[in-house]
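Visitor: Below you'll find the structure I mean.
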Amino acid sequence: MTTELIGGAMSNVRPQFNCAIPPPPTDPKERMRIYLANRPNLPVEQVTRFAGQWVAIQWDGTAVVDGAPDLDTLLRKLHDNGFNSEHVGFQFVADSEDSETGGVGFNGMLHDERAKTA
């Protein structure tokens, strides 16, 4: 099955998702370690299309699964397309008006801050 995400909205095919990856580890600490290691390398073009929205990020932090203006809508979209919401991470993508840097960015800790807390 072809997978794609079209214009930040669901199409009649499943959203972009790397189905070749194994299911997440059962150990929550290991799952978080993998997510935090990969998340900073998420391609910018996958993120910027969702400015001002919530995104679901694949459990390993390597791809944006989908996005929506609010969490309820995003959860419904994931469910409707057969994704387990426990296998994704959720973050808000600030747009340029909300971002402290004046550009699109994630709310959350910076990579350096994560290293200090690990």
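Visitor: Filtering the stretch 29-68 down to residues that are β-branched (V, I, T) and part of a helix (DSSP H, G or I), which residue is modelled with the highest pLDDT?
Guide: Once the filter is applied, the top-ranked residue is I34.
Visitor: Where the second residue is among the acidic types (D, E) and the first is surrounded by 23 or more Cβ atoms within 10 Å (Cβ to Cβ) and lies in the stretch 46-65, which pairs have Cβ atoms under 8 Å and are six or more apart or on separate chains?
Guide: V55/D66; A56/D66
The values are calculated or read from the model by the stated rules, or taken from the named source; none is laboratory data. The model shown is predicted, which means the values in this text are computed figures rather than measured ones. Methodologically, a virtual Cβ is constructed for each residue, glycine included, from the backbone with ideal geometry; neighbour enumeration extends over all protein chains shown.
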